[in-house]
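Chemist: Before we start, here is the structure in question, set down as structure tokens.
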Amino acid sequence: MTTERERVLSDFIDAWNAGRRPDVDAHLRRVDAAERDVLADEIASFLTWAPDPEYDDAALVALTADAVAALAQAGAAEPGSWWSAWLPLLRRRAALTRAQLADRLGERLGLAAATRPKAERYLGDLEEGRLDPAGLSAGLLDSLAGALGIGASVLHQAARGRAASAPLFRGDDVAPDAAADLDVLADALTTQVPQDWDEIDVLFRGGNSA
Amino acid sequence: MTTAPVPNPLECRHLREDELLRLYCHHRDRGEDERAAEMWRQLAIRSHDRVVAMARAFRFPGGGRLDPEDAADAAQEAFLRVVEMGASFAGSALGQFRAALRQCVQHACLDHGRRELRHERRRAGSLDERYDGAADAGPFDAAIARHSVEQAQLAAEAEADDERRRVRSELVAWAIGQIRNDNYRAVLELTYVERLSADEIASRLGITPDNVYARRSRGLRQLETILRDHRA
């Protein structure tokens, strides 16, 4: 006789193979508490060797956003290296050259066409680790996220580094240097913008105050 | 020397996981570190859901699971380990990659369990006493080694059908072939290799969906045993 656990396992398998990104906890909750450990083991066994799901483009975009967000939240790397590792990939996934991304930013931010080559140079600096991401303004990050098709909070977390990532504010996970990081952020917020900066400089280097 | 171009990630959407791995190995073996790293990132992204789901399904060797919040943290940590593994992964087969993924998840979950123990939120005794997954030895190593030997023999045979050879070369397909029960083996082949749904399998084999559910579950347990039992 087929058990409910076997039926739920099959549902999970079908959802996985179809690229529907099934939720493990939701499936475990469908069986009696006494059956959950066995089902968990079966799901783990299946997943280890399961075929690559048939993701459609929307699922792949969502998957990418989740993966990148996981790295940003965890402060997987120093903020600068995070950007040089992931921005080129996100840009190319959105099928944009640097110049095209600068154009999209210009459109979203209402920038004059003449300023876009400078924005493109800044994007290049960001991708190649030559620009401190702490200087990226909130408006720029929002526009960048929109152009790349990912959640803005991902880029905000990535730009502000560990001090801004949610896990740091949970109980005993607070990093010992978090206070120092917050001091750096506070300094950035109160820094005066040099008078010879134009709007592109402010967007890419002015930080949260811009 | 000419080098293979790095595929545009838009094109990577349509590359299978094993093809991404092959590209990673290609660039890694040529010392093209940047290209290898990019391929690995694609591979890691593709594996994100698998890592998260495995962490949520993880069970401690002595029983018990992480609570959902800790499982989410462990999943995040496991994913980081997978990303970082690109700098040191020496394997070349999909089976090795999958075994390494599972090991990343298990180690991340066990580490979370240890932290919980330290905080006295968990009282399950020593995890290390019951876990035999040393950093350099995984539970599937023996099966992978035996599979590799058989693949070397297979590669020596000229075979015209690349697709059939590819499917046969995967560790899981090999392991399914070791299952003695014909009914379980047929259902698992259609599940893993052809990715048919339970209803489609029932229709193909002329059995009820309930039979498919039962054979999947029981066959899966035999598959796990086969992959774990082939110790040298």
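Chemist: Anything losing 30 Å² or more of accessible area from the isolated chain to the full protein assembly: pick those residues out of the stretch A:26-42, probe 1.4 Å, ligands and DNA/RNA ignored.
Modeler: By number: A:37, A:40, A:41, A:42.
Chemist: Over both sides of the B-A contact, add up the buried accessible area with a 1.4 Å probe and give it to the nearest 100 Å².
Modeler: About 5100 Å² of accessible surface is lost on pairing.
Chemist: How much accessible area does residue B:208 have with a 1.4 Å probe, in Å² rounded to the nearest 10?
Modeler: Ignoring ligands and nucleic acids, residue B:208 comes out at about 70 Å².
The values are calculated or read from the model by the stated rules, or taken from the named source; none is laboratory data. None of these values were measured; they are calculated from a predicted model. We work out accessible area using only protein heavy atoms, side chains counted, and drop any ligands, DNA or RNA first. Shrake-Rupley method; radii C 1.70, N 1.55, O 1.52, S 1.80 Å.
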